[in-house]
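Report on the following structure.
Values quoted throughout were computed directly from the atomic coordinates according to the rules given, and no laboratory measurement underlies them. The structure displayed is predicted, hence computed values, not measured ones. With ideal geometry, Cβ positions are generated from the backbone for all residues, glycine too; neighbour counts draw on all protein chains shown.
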Amino acid sequence: MAAGNIKNTIVLERNILITGGAGFIGSHVVRKFVLKYPQYRIVNLDKLTYAGNLENLKDVEKRDNYLFVKGDIADSKLLHDLFQEYSIKGVIHLAAESHVDRSISDPLSFIQTNVVGTVNLLNAAVHYWQSQTDCLFYHISTDEVYGSIAVPDLFTETTSYDPKSPYSASKASSDHFVRAYKNTYKLPIIISNCSNNYGPCQFPEKLIPLCIHNIHSEKPLPIYGKGENIRDWLYVEDHASAIDLLFHEGTVGETYNIGGDNQWKNITLVRLLCSIMDRKLGRSNSENLIEFVKDRPGHDARYAIDACKIQNELGWRPRLDLEEGLEKTIDWYLENEDWLERLTSGQYQQYYQEQYFNR
């Protein structure tokens, strides 16, 4: 079931299950917890779909307090076995299908992972934590559950849910189940809803890595509609720091919004990317690659997070504004062209099998 070795002589204070830990956000969270908390055993459960990549965790894969398990949160028996075998005391639930376009073409897979998988995790936690204390089920969600919001309003933790896509509907459903298990079974939970993440290791179907790759390759930059949609951008390492803080100091039973305080129109963001890339590549015409395409069905006009609750109660604030974060993100992608090439050229699955399952 598991890949990796844990030394029997190590006395570990707490066993934490992180789901989706080989994904974009999950890998940053796993790395932070493995390195910052050597007294924890971090069990990384990931199905390793197209967006899961163990290369993201090569720097921690041999750590004594890290264990990788390949598996699906839709597998109820696997989850119960993990809780029993490793005496799981905390869950950080990041595993999810997350791309809106894919949810439009295949909504059932989003329901299976985001809804059924979450309920399976909740059931395992309720079963094994009945007589235990100091346990926590931390569910990471998205601002997309709130739908769209007009200027100058902001999403707060009490904003009514109004999901517009199969993806956001599946995440809204999972949020409701987590709260229902708190109320029905007294499960200790925390929920956070974050804005758009960006940074190193993001799968190149998302806007920022897609544009970086296409600018570098001098390919078209497809922009939905007129590019007027507004998003709040959060650097992934800032999000990982917020998750760390909430897991250890957040109030059980509460919901927290995590935002980057970086609201940008898509077209303005893409033009900024073009400008930075041109400077780094010695070019001057990347904006000519922009192509406006038919808008996505149910495309929300604006997301904007009010993160005052986590700021005022716990003192968290994002470190990086968008310009700084983009500089770091672009540098990472330019320095890791082989990583990006494998994912975009179809070589990834073969490389992955050779590196991680044929050795």
Set Lys and Arg Cβ to +1 and Asp and Glu Cβ to -1, take the dipole of the range 31-109 about its Cα centre, and tell me which of Ala51, Phe33, Leu67 lies farthest positive.
-> Phe33
Would you mind putting 115-127, 28-40 in packing order, based on average other-beta-carbon counts within 10 Å, highest first?
-> 115-127, 28-40
Reachable aspartates and glutamates from Lys70, criterion Cα separation under 17 angstrom, eight or more residues apart if same chain = Asp46, Glu55, Glu61, Asp81, Glu85, Glu97, Glu354
Suppose every K and R has +1 on its Cβ and every D and E has -1 on its Cβ; what is the size of the dipole of the range 205-304 about the Cα centre, in Debye to the nearest 20?
-> 620 debye
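Calculate for the chain the 222 nm mean residue ellipticity that helices alone would give, adding -39,500 (n - 2.57) per DSSP H run of length 4 or more and normalising by residue count, nearest 500 deg cm²/dmol.
Calculated from helices alone, the mean residue ellipticity at 222 nm is -12500 deg cm²/dmol.
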Quick one: what do you get for the chain if you divide its Cα Rg by 2.2 N^0.38 Å?
-> 0.97
Rg/Rh of the range 1-159 (Cα atoms, Kirkwood Rh), to two decimals, equals 1.00
Dipole magnitude of the range 72-207 about its Cα centre (Cβ charges: Lys, Arg +1; Asp, Glu -1), debye to nearest 20 = 300 debye
Of the beta bridges DSSP finds with both residues in the chain, what % are antiparallel, to the nearest 5?
-> 10 percent
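If you stretched the chain out fully between Asn312 and Lys294, how much longer would it get, using 0.36 nm times the residue separation minus the C-alpha to C-alpha distance?
So the extension gain works out to 2.4 nm.
Rounded to the nearest 20 Debye, what is the dipole magnitude of the chain about its Cα centre when Lys and Arg each give +1 and Asp and Glu each give -1 at the C-beta?
It works out to roughly 580 debye.
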